[in-house]
1. Take the alpha-carbon centre of the stretch 194-217, take the same for the stretch 241-295, and report the distance between them in whole Å.
2. Ranking request for peptides 115-125, 274-284, 148-158, 223-233: highest mean number of other beta-carbon atoms within 10 Å first, then the rest in descending order.
3. If you plug each phi of the stretch 112-122 into the Karplus form 6.51 cos²θ - 1.76 cosθ + 1.60 with θ = phi - 60°, what whole-Hz ³J(HN,Hα) values come out, in order, with x for Gly and Pro?
4. For the stretch 84-176, just run the numbers: alpha carbon Rg, then divide by 2.2 N^0.38 Å, N being how many residues it has.
5. Express the carbon and sulfur contribution to the solvent-accessible surface of the stretch 84-176 as a percent, rounded to the nearest whole number, probe 1.4 angstrom.
6. Of Lys68/Lys119; Lys109/Lys201; Lys111/Lys201; Lys68/Lys265, which pairs sit farther than 27 Å apart, going by alpha carbon to alpha carbon?
7. Considering only protein heavy atoms, what per residue accessible area in square angstrom results for the stretch 184-315 with a 1.4 angstrom probe?
8. Which whole-percent values make up P(r) of the stretch 176-335 when all C-alpha to C-alpha distances are grouped in 10 Å steps starting at zero?
Amino acid sequence: MASLMFTDCSSSISSRLIHVNARSSGAILFRQHVGQLRLRSTASPRGCSLSIRCSSSATSVDGKAVAKTIRDEITIDVTRMKESIGVVPGLAVILVGDRKDSATYVRNKKKACESVGIKSIEVRLAEDCSEEQVLKSISCFNDDPSVHGILVQLPLPSHMDEQNILNAVSIEKDVDGFHPLNIGRLAMRGREPLFVPCTPKGCIELLHRYKVEIKGKRAVVIGRSNIVGMPAALLLQNPEEITREADIIIAAVGQPNMVRGSWIKPGAVIIDVGINPVDDPNAPRGYRLVGDVCYEEACQVASAITPVPGGVGPMTIAMLLSNTLISAKRIHNFE
(Lines give C-alpha, C1' and ligand atoms only; values in the text may rest on other atoms or scores of the structure.)
Protein backbone atom coordinates (compact mmCIF):
# COMPACT_ATOMS: atom_id res chain seq x y z
CA MET A 1 0.00 0.00 0.00
CA ALA A 2 1.45 3.35 -0.98
CA SER A 3 1.46 6.50 1.11
CA LEU A 4 1.55 9.86 -0.67
CA MET A 5 2.25 13.35 0.63
CA PHE A 6 2.01 16.41 -1.58
CA THR A 7 3.66 19.61 -0.32
CA ASP A 8 3.81 22.94 -2.10
CA CYS A 9 7.30 24.46 -2.07
CA SER A 10 7.48 28.23 -1.54
CA SER A 11 9.45 29.25 -4.61
CA SER A 12 8.91 31.34 -7.71
CA ILE A 13 8.00 28.20 -9.57
CA SER A 14 5.62 26.00 -7.60
CA SER A 15 6.74 22.41 -7.28
CA ARG A 16 5.61 19.39 -5.34
CA LEU A 17 7.18 16.71 -3.25
CA ILE A 18 6.04 13.19 -3.90
CA HIS A 19 6.98 10.71 -1.19
CA VAL A 20 6.36 7.06 -1.97
CA ASN A 21 6.44 4.37 0.67
CA ALA A 22 5.67 0.83 -0.43
CA ARG A 23 4.52 -1.42 2.42
CA SER A 24 3.91 -4.55 0.36
CA SER A 25 6.01 -6.68 -1.95
CA GLY A 26 4.37 -5.15 -5.00
CA ALA A 27 5.90 -1.93 -6.26
CA ILE A 28 3.69 1.04 -7.17
CA LEU A 29 4.25 2.92 -10.40
CA PHE A 30 3.00 6.49 -10.51
CA ARG A 31 1.62 8.13 -13.61
CA GLN A 32 -0.05 11.50 -13.99
CA HIS A 33 -2.55 12.37 -16.71
CA VAL A 34 -4.28 15.76 -16.91
CA GLY A 35 -4.17 16.37 -13.18
CA GLN A 36 -5.26 12.84 -12.24
CA LEU A 37 -3.05 10.33 -10.47
CA ARG A 38 -3.28 6.73 -11.63
CA LEU A 39 -1.58 3.83 -9.85
CA ARG A 40 -0.43 0.71 -11.60
CA SER A 41 1.13 -2.32 -9.91
CA THR A 42 4.33 -3.79 -11.31
CA ALA A 43 5.89 -7.19 -10.80
CA SER A 44 7.33 -8.13 -7.45
CA PRO A 45 10.68 -6.38 -6.87
CA ARG A 46 12.12 -9.59 -5.50
CA GLY A 47 12.08 -11.08 -8.99
CA CYS A 48 15.10 -9.08 -10.05
CA SER A 49 18.00 -11.29 -11.09
CA LEU A 50 21.14 -10.77 -9.03
CA SER A 51 23.56 -12.58 -11.34
CA ILE A 52 23.50 -10.30 -14.40
CA ARG A 53 26.39 -7.88 -14.75
CA CYS A 54 25.90 -4.31 -15.88
CA SER A 55 26.83 -4.02 -19.53
CA SER A 56 25.73 -0.45 -20.25
CA SER A 57 27.78 2.71 -20.00
CA ALA A 58 26.17 3.93 -16.79
CA THR A 59 28.76 5.53 -14.51
CA SER A 60 29.18 3.82 -11.15
CA VAL A 61 29.03 6.54 -8.49
CA ASP A 62 31.87 5.43 -6.22
CA GLY A 63 30.90 6.42 -2.70
CA LYS A 64 34.00 4.77 -1.25
CA ALA A 65 36.34 6.88 -3.35
CA VAL A 66 34.48 10.13 -2.68
CA ALA A 67 34.30 9.37 1.04
CA LYS A 68 38.06 8.72 1.05
CA THR A 69 38.68 12.11 -0.56
CA ILE A 70 36.45 13.82 2.01
CA ARG A 71 38.18 12.03 4.90
CA ASP A 72 41.55 13.20 3.55
CA GLU A 73 40.24 16.77 3.47
CA ILE A 74 38.94 16.43 7.03
CA THR A 75 42.29 15.04 8.23
CA ILE A 76 44.07 18.14 6.92
CA ASP A 77 41.64 20.48 8.71
CA VAL A 78 41.73 18.50 11.97
CA THR A 79 45.54 18.62 11.97
CA ARG A 80 45.55 22.32 11.16
CA MET A 81 43.08 23.02 13.97
CA LYS A 82 45.10 21.04 16.50
CA GLU A 83 48.34 22.77 15.54
CA SER A 84 46.81 26.27 15.41
CA ILE A 85 44.63 26.39 18.55
CA GLY A 86 45.28 23.10 20.31
CA VAL A 87 41.74 21.80 19.83
CA VAL A 88 40.85 18.29 18.67
CA PRO A 89 37.25 17.78 17.50
CA GLY A 90 35.43 15.27 19.69
CA LEU A 91 32.49 12.98 18.93
CA ALA A 92 30.53 11.21 21.68
CA VAL A 93 28.49 8.14 20.80
CA ILE A 94 25.83 6.63 23.06
CA LEU A 95 24.96 3.00 22.42
CA VAL A 96 22.02 1.46 24.29
CA GLY A 97 21.58 -2.32 24.24
CA ASP A 98 23.50 -5.08 22.53
CA ARG A 99 22.17 -5.14 18.96
CA LYS A 100 24.96 -6.52 16.78
CA ASP A 101 24.19 -4.21 13.85
CA SER A 102 24.23 -1.13 16.08
CA ALA A 103 27.49 -2.23 17.70
CA THR A 104 29.00 -2.69 14.23
CA TYR A 105 27.89 0.79 13.15
CA VAL A 106 29.36 2.34 16.29
CA ARG A 107 32.63 0.44 15.82
CA ASN A 108 32.88 1.65 12.22
CA LYS A 109 32.22 5.24 13.27
CA LYS A 110 34.91 5.00 15.95
CA LYS A 111 37.43 3.68 13.41
CA ALA A 112 36.50 6.46 11.01
CA CYS A 113 37.06 9.07 13.72
CA GLU A 114 40.48 7.65 14.51
CA SER A 115 41.43 7.66 10.82
CA VAL A 116 40.98 11.45 10.55
CA GLY A 117 42.23 12.42 14.03
CA ILE A 118 38.84 13.09 15.66
CA LYS A 119 38.58 12.04 19.30
CA SER A 120 35.89 9.40 19.83
CA ILE A 121 34.13 8.85 23.16
CA GLU A 122 31.79 5.90 23.57
CA VAL A 123 29.21 5.21 26.27
CA ARG A 124 27.50 1.82 26.37
CA LEU A 125 24.32 1.38 28.39
CA ALA A 126 22.37 -1.79 29.11
CA GLU A 127 19.26 -2.69 27.12
CA ASP A 128 17.12 -2.34 30.24
CA CYS A 129 18.61 0.95 31.44
CA SER A 130 16.21 3.80 32.15
CA GLU A 131 15.53 6.68 29.82
CA GLU A 132 16.83 8.96 32.56
CA GLN A 133 20.24 7.29 32.35
CA VAL A 134 20.45 8.06 28.65
CA LEU A 135 19.34 11.65 29.24
CA LYS A 136 21.98 12.02 31.94
CA SER A 137 24.72 10.89 29.54
CA ILE A 138 23.48 13.35 26.93
CA SER A 139 23.44 16.16 29.51
CA CYS A 140 27.04 15.42 30.49
CA PHE A 141 28.17 15.58 26.88
CA ASN A 142 26.15 18.76 26.28
CA ASP A 143 28.18 20.40 29.05
CA ASP A 144 31.55 18.93 28.04
CA PRO A 145 33.59 21.49 26.04
CA SER A 146 35.80 18.75 24.58
CA VAL A 147 32.76 17.16 22.91
CA HIS A 148 31.62 18.87 19.71
CA GLY A 149 29.21 16.25 18.42
CA ILE A 150 26.79 13.86 20.09
CA LEU A 151 25.32 10.81 18.39
CA VAL A 152 22.69 8.53 19.89
CA GLN A 153 22.77 5.25 17.98
CA LEU A 154 19.34 4.23 16.73
CA PRO A 155 17.14 2.30 17.15
CA LEU A 156 16.61 2.66 20.89
CA PRO A 157 14.88 0.03 23.06
CA SER A 158 11.09 0.08 22.79
CA HIS A 159 10.56 1.36 26.34
CA MET A 160 12.27 4.65 25.52
CA ASP A 161 10.83 7.78 23.91
CA GLU A 162 13.16 8.22 20.94
CA GLN A 163 12.03 11.74 20.16
CA ASN A 164 12.44 12.87 23.74
CA ILE A 165 16.00 11.56 23.79
CA LEU A 166 16.98 13.06 20.45
CA ASN A 167 15.50 16.40 21.47
CA ALA A 168 17.75 16.43 24.55
CA VAL A 169 20.90 16.69 22.39
CA SER A 170 22.11 20.29 22.23
CA ILE A 171 21.32 21.73 18.81
CA GLU A 172 24.92 23.00 18.65
CA LYS A 173 26.18 19.41 18.96
CA ASP A 174 23.45 17.64 16.94
CA VAL A 175 25.81 16.27 14.29
CA ASP A 176 23.20 13.70 13.25
CA GLY A 177 20.93 16.59 12.27
CA PHE A 178 17.86 15.04 13.93
CA HIS A 179 16.95 17.87 16.30
CA PRO A 180 13.56 19.37 15.31
CA LEU A 181 15.08 22.85 15.12
CA ASN A 182 17.66 21.67 12.61
CA ILE A 183 15.00 19.92 10.54
CA GLY A 184 12.76 22.98 10.82
CA ARG A 185 15.49 25.29 9.63
CA LEU A 186 16.19 22.96 6.72
CA ALA A 187 12.55 23.24 5.71
CA MET A 188 12.29 27.03 5.95
CA ARG A 189 13.34 29.42 3.21
CA GLY A 190 16.08 31.78 4.35
CA ARG A 191 17.06 29.63 7.34
CA GLU A 192 20.15 27.47 7.54
CA PRO A 193 20.31 24.38 9.78
CA LEU A 194 23.38 24.01 11.95
CA PHE A 195 23.64 20.43 10.66
CA VAL A 196 22.10 18.45 7.81
CA PRO A 197 21.32 14.75 8.44
CA CYS A 198 24.30 12.70 7.32
CA THR A 199 22.79 10.28 4.78
CA PRO A 200 20.86 12.86 2.72
CA LYS A 201 23.81 15.21 2.98
CA GLY A 202 25.99 12.42 1.61
CA CYS A 203 23.55 11.87 -1.27
CA ILE A 204 23.69 15.53 -2.27
CA GLU A 205 27.48 15.61 -1.86
CA LEU A 206 27.78 12.66 -4.26
CA LEU A 207 25.74 14.56 -6.83
CA HIS A 208 27.93 17.64 -6.41
CA ARG A 209 31.21 15.73 -6.56
CA TYR A 210 30.09 14.01 -9.76
CA LYS A 211 29.04 17.41 -11.11
CA VAL A 212 25.38 16.45 -11.47
CA GLU A 213 23.38 19.64 -11.94
CA ILE A 214 20.43 19.83 -9.54
CA LYS A 215 18.99 23.25 -10.30
CA GLY A 216 16.02 23.05 -12.67
CA LYS A 217 15.99 19.25 -12.65
CA ARG A 218 13.05 17.03 -11.72
CA ALA A 219 13.76 14.75 -8.80
CA VAL A 220 11.83 12.10 -6.92
CA VAL A 221 12.57 10.85 -3.41
CA ILE A 222 11.14 7.39 -2.78
CA GLY A 223 10.68 7.01 0.95
CA ARG A 224 9.47 9.32 3.70
CA SER A 225 11.59 8.59 6.78
CA ASN A 226 12.68 11.41 9.06
CA ILE A 227 16.28 10.25 8.70
CA VAL A 228 16.63 10.09 4.90
CA GLY A 229 13.56 10.58 2.71
CA MET A 230 12.12 13.80 4.06
CA PRO A 231 15.46 15.66 4.56
CA ALA A 232 16.64 14.55 1.11
CA ALA A 233 13.46 15.96 -0.42
CA LEU A 234 13.98 19.24 1.43
CA LEU A 235 17.55 19.47 0.17
CA LEU A 236 16.53 18.92 -3.45
CA GLN A 237 13.70 21.46 -3.13
CA ASN A 238 12.17 20.78 -6.54
CA PRO A 239 10.92 17.16 -6.77
CA GLU A 240 7.76 16.86 -8.88
CA GLU A 241 5.66 14.64 -11.09
CA ILE A 242 6.57 10.97 -11.32
CA THR A 243 9.52 8.67 -11.01
CA ARG A 244 9.67 7.90 -14.72
CA GLU A 245 10.04 11.59 -15.50
CA ALA A 246 12.71 12.24 -12.89
CA ASP A 247 16.23 13.36 -13.76
CA ILE A 248 17.39 12.42 -10.26
CA ILE A 249 16.03 9.57 -8.12
CA ILE A 250 16.91 9.03 -4.46
CA ALA A 251 15.56 5.68 -3.30
CA ALA A 252 15.25 5.22 0.47
CA VAL A 253 12.22 3.02 1.02
CA GLY A 254 13.78 -0.17 2.40
CA GLN A 255 12.31 -2.55 -0.21
CA PRO A 256 14.85 -4.68 -2.12
CA ASN A 257 14.89 -4.06 -5.88
CA MET A 258 11.66 -2.06 -5.74
CA VAL A 259 12.62 0.48 -8.42
CA ARG A 260 12.76 -1.29 -11.76
CA GLY A 261 14.42 -0.28 -15.00
CA SER A 262 11.03 0.53 -16.54
CA TRP A 263 10.52 3.22 -13.89
CA ILE A 264 13.60 5.14 -14.94
CA LYS A 265 13.99 7.93 -17.46
CA PRO A 266 16.93 7.31 -19.82
CA GLY A 267 19.96 9.19 -18.57
CA ALA A 268 18.65 9.69 -15.04
CA VAL A 269 21.01 9.75 -12.05
CA ILE A 270 20.16 7.31 -9.26
CA ILE A 271 21.25 7.48 -5.63
CA ASP A 272 20.31 4.23 -3.91
CA VAL A 273 20.20 4.58 -0.11
CA GLY A 274 18.71 1.13 0.46
CA ILE A 275 20.73 -1.70 1.95
CA ASN A 276 18.65 -4.86 2.15
CA PRO A 277 19.70 -8.46 2.82
CA VAL A 278 18.30 -11.01 0.37
CA ASP A 279 18.78 -14.78 0.55
CA ASP A 280 21.63 -16.11 -1.57
CA PRO A 281 22.82 -19.67 -0.88
CA ASN A 282 25.93 -19.03 -2.97
CA ALA A 283 27.09 -16.15 -0.78
CA PRO A 284 29.45 -16.92 2.13
CA ARG A 285 26.96 -15.59 4.69
CA GLY A 286 23.90 -17.05 2.98
CA TYR A 287 22.69 -13.64 1.88
CA ARG A 288 23.84 -10.63 -0.08
CA LEU A 289 23.08 -6.94 0.21
CA VAL A 290 21.07 -5.16 -2.46
CA GLY A 291 19.58 -1.70 -2.77
CA ASP A 292 16.08 -0.40 -3.30
CA VAL A 293 16.85 -0.16 -7.02
CA CYS A 294 17.24 -3.21 -9.26
CA TYR A 295 20.82 -2.40 -10.24
CA GLU A 296 21.08 -4.78 -13.20
CA GLU A 297 18.04 -3.19 -14.87
CA ALA A 298 18.71 0.39 -13.79
CA CYS A 299 22.27 0.54 -15.06
CA GLN A 300 20.99 -0.25 -18.56
CA VAL A 301 18.97 2.98 -18.49
CA ALA A 302 20.56 5.42 -16.05
CA SER A 303 23.59 7.61 -16.78
CA ALA A 304 24.97 7.13 -13.24
CA ILE A 305 24.03 4.99 -10.25
CA THR A 306 25.42 4.22 -6.80
CA PRO A 307 26.27 0.59 -6.11
CA VAL A 308 25.14 -1.25 -2.97
CA PRO A 309 27.25 -1.67 -0.97
CA GLY A 310 29.92 0.96 -1.58
CA GLY A 311 27.74 3.89 -2.56
CA VAL A 312 25.89 5.97 0.02
CA GLY A 313 27.04 4.01 3.09
CA PRO A 314 30.63 5.33 3.22
CA MET A 315 29.32 8.84 2.57
CA THR A 316 27.07 8.76 5.64
CA ILE A 317 30.05 8.25 7.94
CA ALA A 318 32.10 10.82 6.02
CA MET A 319 29.33 13.38 6.54
CA LEU A 320 29.22 12.57 10.27
CA LEU A 321 32.93 13.36 10.47
CA SER A 322 32.36 16.51 8.43
CA ASN A 323 29.56 17.68 10.73
CA THR A 324 31.72 17.06 13.80
CA LEU A 325 34.51 19.15 12.29
CA ILE A 326 32.05 21.89 11.37
CA SER A 327 30.76 21.91 14.95
CA ALA A 328 34.27 22.22 16.43
CA LYS A 329 35.13 25.05 14.03
CA ARG A 330 31.90 26.89 14.86
CA ILE A 331 32.27 26.53 18.62
CA HIS A 332 35.90 27.73 18.57
CA ASN A 333 35.46 30.34 15.80
CA PHE A 334 38.08 28.61 13.68
CA GLU A 335 38.17 29.25 9.96
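The values are calculated or read from the model by the stated rules, or taken from the named source; none is laboratory data. Computed from a prediction, not measured in an experiment: that's the story for all the values here. Because the Cβ atoms are built from the backbone with ideal geometry, glycine has one as well, and the counts that use them run over all protein chains shown. Remember, those area values only see protein heavy atoms, side chains included, never the ligands or the DNA or RNA. Shrake-Rupley method; radii C 1.70, N 1.55, O 1.52, S 1.80 Å.
1. 18
2. The densest-packed peptide leads the list: 223-233, 148-158, 115-125, 274-284.
3. 5, 4, 4, 5, 10, x, 7, 6, 10, 10, 10
4. Its radius of gyration relative to the 2.2 N^0.38 Å reference: 1.06.
5. 49
6. Over 27 Å apart, Cα to Cα: Lys68/Lys265.
7. 41
8. So the P(r) values, bin by bin, are 11, 37, 33, 15, 4, 0.
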